[in-house]
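First comes the structure, then the notes that go with it.
The values are calculated or read from the model by the stated rules, or taken from the named source; none is laboratory data. Keep in mind that what you see is a predicted model, and the values were worked out from it rather than measured. No Cβ is skipped: glycine too gets one built from the backbone with ideal geometry, and neighbour counts run over all protein chains shown.
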Number of protein chains: 4
Amino acid sequence: MGSTFGQLFKISTFGESHGGGVGVVIDGCPPQIEISPEEIQFDLDRRRPGQSKITTPRKEADRCEILSGVFEGKTLGTSIAILVRNKDPRPQDYQEMATKFRPSHADATYQAKYGIRNWQGGGRASARETIGRVAAGVIAKKILKQVAGIEIVAYVTRIKDLEVAIDSNKVTLAQVESNMVRCPDPDMAAKMINLIDMVRRDGNSIGGIVECVARGMPVGLGDPVFDKLEADLAKAIMSLPATKGFEIGSGFAGTLLTGREHNDEFYMQGDRIRTKTNRSGGIQGGISNGENIVIRAAFKPTATIMQAQDTVNTAGEEVTLAAKGRHDPCVLPRAVPMVEAMVALVLCDHWLRQKAVS
Amino acid sequence: MGSTFGQLFKISTFGESHGGGVGVVIDGCPPQIEISPEEIQFDLDRRRPGQSKITTPRKEADRCEILSGVFEGKTLGTSIAILVRNKDPRPQDYQEMATKFRPSHADATYQAKYGIRNWQGGGRASARETIGRVAAGVIAKKILKQVAGIEIVAYVTRIKDLEVAIDSNKVTLAQVESNMVRCPDPDMAAKMINLIDMVRRDGNSIGGIVECVARGMPVGLGDPVFDKLEADLAKAIMSLPATKGFEIGSGFAGTLLTGREHNDEFYMQGDRIRTKTNRSGGIQGGISNGENIVIRAAFKPTATIMQAQDTVNTAGEEVTLAAKGRHDPCVLPRAVPMVEAMVALVLCDHWLRQKAVS
Amino acid sequence: MGSTFGQLFKISTFGESHGGGVGVVIDGCPPQIEISPEEIQFDLDRRRPGQSKITTPRKEADRCEILSGVFEGKTLGTSIAILVRNKDPRPQDYQEMATKFRPSHADATYQAKYGIRNWQGGGRASARETIGRVAAGVIAKKILKQVAGIEIVAYVTRIKDLEVAIDSNKVTLAQVESNMVRCPDPDMAAKMINLIDMVRRDGNSIGGIVECVARGMPVGLGDPVFDKLEADLAKAIMSLPATKGFEIGSGFAGTLLTGREHNDEFYMQGDRIRTKTNRSGGIQGGISNGENIVIRAAFKPTATIMQAQDTVNTAGEEVTLAAKGRHDPCVLPRAVPMVEAMVALVLCDHWLRQKAVS
Amino acid sequence: MGSTFGQLFKISTFGESHGGGVGVVIDGCPPQIEISPEEIQFDLDRRRPGQSKITTPRKEADRCEILSGVFEGKTLGTSIAILVRNKDPRPQDYQEMATKFRPSHADATYQAKYGIRNWQGGGRASARETIGRVAAGVIAKKILKQVAGIEIVAYVTRIKDLEVAIDSNKVTLAQVESNMVRCPDPDMAAKMINLIDMVRRDGNSIGGIVECVARGMPVGLGDPVFDKLEADLAKAIMSLPATKGFEIGSGFAGTLLTGREHNDEFYMQGDRIRTKTNRSGGIQGGISNGENIVIRAAFKPTATIMQAQDTVNTAGEEVTLAAKGRHDPCVLPRAVPMVEAMVALVLCDHWLRQKAVS
């Protein structure tokens, strides 16, 4: 269990970093949606390693193949399978880690839970697993955009202590893609890139925050009391590798305000109920209110570092490990399309759910 | 949809603040677990209104009745239904709010989504809905304690800007219950109580943070890649009313550290793999590592306040509303058993899931 | 697990034959459906014991209470809970069966599976469990009728070897309810009633077949490849107590025809595609084709009989048991509303599912 | 929705008869199960077309590739993906059927439901879709055999009116595989083969019955009240293409007996509770009782025949169609491994479920 996500727009991902390939089966996609491998490839390219000097230099072209569910360029309404073959394995880079557990990585817990693991490159715990999510997310974004008019944009707002406020109402994909760290503020982006590069050369790693906005939201998505929209978003985000925290709207900072300061007062804009502020982050009572949804995800520094650390091995001995191989000094740039994908999957699922009962 | 939670230990809650009652059906509870109404009542009393001067003065005894699934004091292995009757309605307190939407409350979104709502006291969006969760949580806690040796303790660590660090390794239920705000630090608790009381008299409200620890954790709970333990915990917590953020382990603060600083180095304690630090919060790669699980939930200030606010009414007119009735100036004291319940529900579900495949 | 049914129109039932009561939580009912306790009561009365001389003489009024989810006569879109209190217990009737397992009943398997059972009157395995299903089925039938124009009628076509062909295109609820065995053919009904009465006096039991038709079907319900409409109907029917077989359309008899004889040729009726015959039973490829859905369910003779049978007891000794108490000599008359309910639950669920993607 | 099956041993299948390929993702397989492509290939070869003169002459080698979830010959506990490439397309055979709907086939309902279909060879409604089920079924059978000692054997007992009783306690895979129709009685098998061959030359088709036994059953599988073991088996079987009926134990014939005749009396065999007869088919109250599970599935005659039939086309005109291409005159021989797979998937799922709570 655990590799299936969603109620109506349901995805099942598969694949380890090494082996035949990774991918996804999407069960529940509406029919007659136009989709092409090229559209999927666009986000896979934003996610793939080796795209810039601040990501891992592993070369993975990550070309996708749509195996089923699309006919003459349109979805059939039946299950869609997408496959990306694994390439450039270099299992030798992982030889030492076959027996030595990386601190704060999934090595030890996978071994304990399953009694077996594919130690080559992280196996199922590799970020490579997110390829299936990103591919499915492209289709979810397409549906949301085309049928519901929803647009989703994610971007980096913090790398370690370098933080910048971004106007979520206006930020564009072009701004995000204008630099390799995917922070829409060019000046801050330059500083972030320098910091990541420095940390990389030091064999260390850093983390940060990705913010994501969904604009053009309809009112009414979300199913209280458990499948509140923010609850499903939280699960989606916290299922991404390396996440340590989730916020919506005012988030943790909201605890510092009084109710009088925090409440989003209503006003009428034509015949539409609007809020003057958006500390709610676009969701009230678990249901979207039509304002922009704004969430934030905290990503920890990459666990795999080149510096020596104390650890233990599979024989139960205390040893030292300095990781080898080609690892991201900071996952944030590549996490941006992952966050978009997860937000899209949740919104698409809830959009279908709301259609069912309305 | 939306009122069902869990895969194997599955609960379905029901009930509005007004009407016949609220409660829960638990489908998937193992047989032969001893359970009594008194055990359930203990946490319902911690959750109920009117328990102290800093909670709403509504008088709701919230006596529970076990309708099914328990025979001669033991669970039957079939579905358990628990009912709490509604009392002390006073719908007149809500008369004005029948037509005026409370800012940052669920009134407007429920109306928009369903085209109908029980405007008496919040209806399904009332915190009264959590009674079913708390009742089910008691059974989950009992199972975890008895069969798996897991102990769950939640407590308040922040009220607005009053914050205190609590040693999650040692905090006890008795310490939590020693004061009405449920902060285990007596000095800070006194300050918090004063602050809440002051805010209450001002007709305003405040929020804060609840932290929760699960001790005695087995290794191996959690099902990557989507049902990672922290992902299910995040969903569980973010489904509680008034939550705006979720953290595990180092959380958002973890983004300020380097990998070298953040990683939890391993060592051997006898034949058990331990970590020197616990920035992971007891979970690595989505799977529990045997260290304590530590999570935090941010609760916003209560939306319903006595001060006048701008809002709109059901006729689409801009109006002013100063809420009447009996509302919590701060949900944190009563949120503590809710957080415990949600954490217990997730852990119990995953404990059963892990039994299935091991 | 196991007491929850449906994907979008999801029900969770609870209750044993003895204890606080039985009922259901419906999670996923659309909002603004008018529903009254009286409507629910109508089918509960068709299901309840003691309604005629050929059913068990147990007196159970089975009055239902809607606990939640309905406000001012309309559904709220949130979970609906319905409760029926248990009455007239007489556990003494079951004293001997507390230790002696009834042959072909659930006593022994419940004891083996759960290690515990409520031996009073069948516990969870009692037909009393179906109250929750029937109550939920009323709401499903209401939705199907009102929003989709679908009408569901079930009726008895066989009691033991007394069999009659009924025109499923024309049979009415009034015809079904015109006699106590619920066979729309009055002559055959009289014979069936005599047979059941004779068997009852003999302390024996008999079974038979219930047929059910759904008329006014839209095209397009059913989700291949696993959630084909006939697959979900089969599960629904085979989850009813005492069922041994399920057929759709031509059923087992269809295996005696060639393809040329069996195929339903198409023709145009206006702009609607129709079939000349309906051996498909209204479903082709797992999807409704707009023709009437016709299914049949085989019910075995009631397991609990007054005649002496060989059995074993909880101590592992071979003993003899002649059941006491008040049992149905034939479940068929009371099974009719249960079959309608299950068919309605499946169709309602699939109707919502189809709305989501179209 | 609809291409996902199972709760704990969950499979998602994908693929149309034409396009990149067909396959399955298995989410929830326990770790450390030895599995090889050869084992999977064994049943794929039993399922594939062109294996004998009485199946379709289409040449499909159906070689499987395990894409993920298996490492050094053992399952990893994470999702397993299996892919079989499509070959030998000949879409020209289907050119006429691109616009003319085959009577009693899924063509018309797919077109109506989705507004689009892959008309080449049946698309998703092709029996080719069952490749994923059969592949997953091999792993389920392996687990059941290895960990639980359960053995599953299916076989043909009827082709049209040629019927034979098979001793389900003794029938072996070798007997089933000893002839091309998969009826363990050699004399009857010869007659069946002749009949199918005659029907094939006539451009017509026939159906029949597959029986399946599960031996070595543990007591306690099945989750009342909805997920009764026979209910899940019924759904599994009725989700196979061309099925019209399902029976367990005495089935429809059981309606002809009295309770006294039908009940399975208990006796002790050592310390094990046994039944003298097995009209229950191994399940009582929805829970396995340790006796052999015996179920039967009715398969209609193949819809696609070479003889001319009345039908309509996509333009809404009444036309005549005599199918071209290479079709099975009788699906029964190839349905045998499909039935085994579906029974195995249900039992494996319930075996895991029972482990969770016991």
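Quick look at the values:
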read-out	value
Some residue of region D:141-163 being at pLDDT 95 or above, among the β-branched types (Val, Ile, Thr) and part of a helix (DSSP H, G or I)	yes
Residue within region D:36-47 that is assigned to a loop (DSSP other than H, G, I, E, B), in contact with a strand residue (DSSP E or B) (Cβ under 6 Å, 6 or more places away or on another chain), touching a residue at least 24 places away in the same chain (Cβ under 8 Å) and surrounded by 15 or more Cβ atoms within 10 Å (Cβ to Cβ) present	no
Subset of region D:281-299 [surrounded by fewer than 24 Cβ atoms within 10 Å (Cβ to Cβ) and closer than 14 Å to residue C:234 by Cβ]	D:296
Residues of region D:289-317 classified as more than 7 Å from chain C (Cβ to nearest Cβ), small (Gly, Ala, Ser) and assigned to a strand (DSSP E or B), total	1
Test: residue D:149 is in contact (Cβ under 8 Å) with a residue 24 or more places away in the chain, surrounded by fewer than 23 Cβ atoms within 10 Å (Cβ to Cβ), closer than 30 Å to residue D:278 by Cβ and not hydrophobic (A, V, I, L, M, F, W, C)	yes
Selection within region A:109-138 - in contact with a strand residue (DSSP E or B) (Cβ under 8 Å, 6 or more places away or on another chain), closer than 18 Å to residue A:13 by Cα and of a type in the set (A, V, I, L, M, F, W, C)	A:131, A:135, A:136
Residue B:112 vs. criteria part of a helix (DSSP H, G or I) and aliphatic (A, V, I, L, M)	yes
Conditions (1) buried (at least 21 other Cβ atoms within 10 Å of the Cβ); (2) in a loop (DSSP other than H, G, I, E, B); (3) in contact with a Ser or Thr (Cβ under 8 Å, 6 or more places away or on another chain): number failed by residue A:23	(2)
Residue in region C:320-343 that is part of a strand (DSSP E or B), touching a helix residue (DSSP H, G or I) at 6+ places or on another chain (Cβ under 9 Å) and at negative phi present	yes
Of all residues making up region C:203-233, the number that are touching a residue at least 40 places away in the same chain (Cβ under 8 Å) and not in a strand (DSSP E or B)	18
Answer residue from region D:233-254, given it is among the hydrophobic types (A, V, I, L, M, F, W, C) and more than 7 Å from chain C (Cβ to nearest Cβ) and is surrounded by the fewest Cβ atoms within 10 Å (Cβ to Cβ) among those	D:253
Single condition residue A:14 does not satisfy, out of (1) farther than 12 Å from residue A:132 by Cβ; (2) hydrophobic (A, V, I, L, M, F, W, C); (3) crowded, with 21+ Cβ neighbours inside 10 Å; (4) touching a residue at least 24 places away in the same chain (Cβ under 8 Å)	(1)
Within region C:67-107, considering residues that are in contact (Cβ under 8 Å) with a residue 60 or more places away in the chain and within 14 Å of chain D (Cβ to nearest Cβ), the one surrounded by the most Cβ atoms within 10 Å (Cβ to Cβ)	C:104
All positions within region B:318-358 that are without any contact (Cβ under 8 Å) to a residue 60 or more places away in the chain, within 14 Å of chain D (Cβ to nearest Cβ) and not basic (Lys, Arg)	B:357
Considering residues of region D:175-202 that are part of a loop (DSSP other than H, G, I, E, B) and over 20 Å from the mean Cα position of the chain (by Cα) only, the residue surrounded by the most Cβ atoms within 10 Å (Cβ to Cβ)	D:185
Test result for residue B:132, closer than 30 Å to residue B:6 by Cβ, assigned to a helix (DSSP H, G or I) and either at pLDDT below 95 or in contact with an Asp or Glu (Cβ under 7 Å, 6 or more places away or on another chain) (or both)	no
Number of the condition not met by residue B:318 [criteria: (1) under 30 Å from residue B:104 (Cβ atoms); (2) buried (at least 24 other Cβ atoms within 10 Å of the Cβ)]	(2)
Filtered residues of region C:267-280 (kept if surrounded by 18 or more Cβ atoms within 10 Å (Cβ to Cβ) and touching an Asp or Glu at 6+ places or on another chain (Cβ under 7 Å))	C:275, C:278, C:279, C:280
Test result for residue A:330, touching a Phe, Trp or Tyr at 6+ places or on another chain (Cβ under 6 Å), modelled with pLDDT of 95 or more and farther than 23 Å from residue A:261 by Cβ	no
Among residues of region D:22-62, those that are within 18 Å of residue D:335 (Cα to Cα) and in contact with a Leu (Cβ under 7 Å, 6 or more places away or on another chain), counted	2
Some residue of region C:33-45 being under 28 Å from residue A:9 (Cβ atoms) and of a type in the set (Val, Ile, Thr)	yes
Top-ranked residue of region B:26-41 - restricted to ones that are farther than 12 Å from residue B:131 by Cα and among the hydrophobic types (A, V, I, L, M, F, W, C), ranked as farthest from the other protein chains (Cβ to nearest Cβ)	B:35
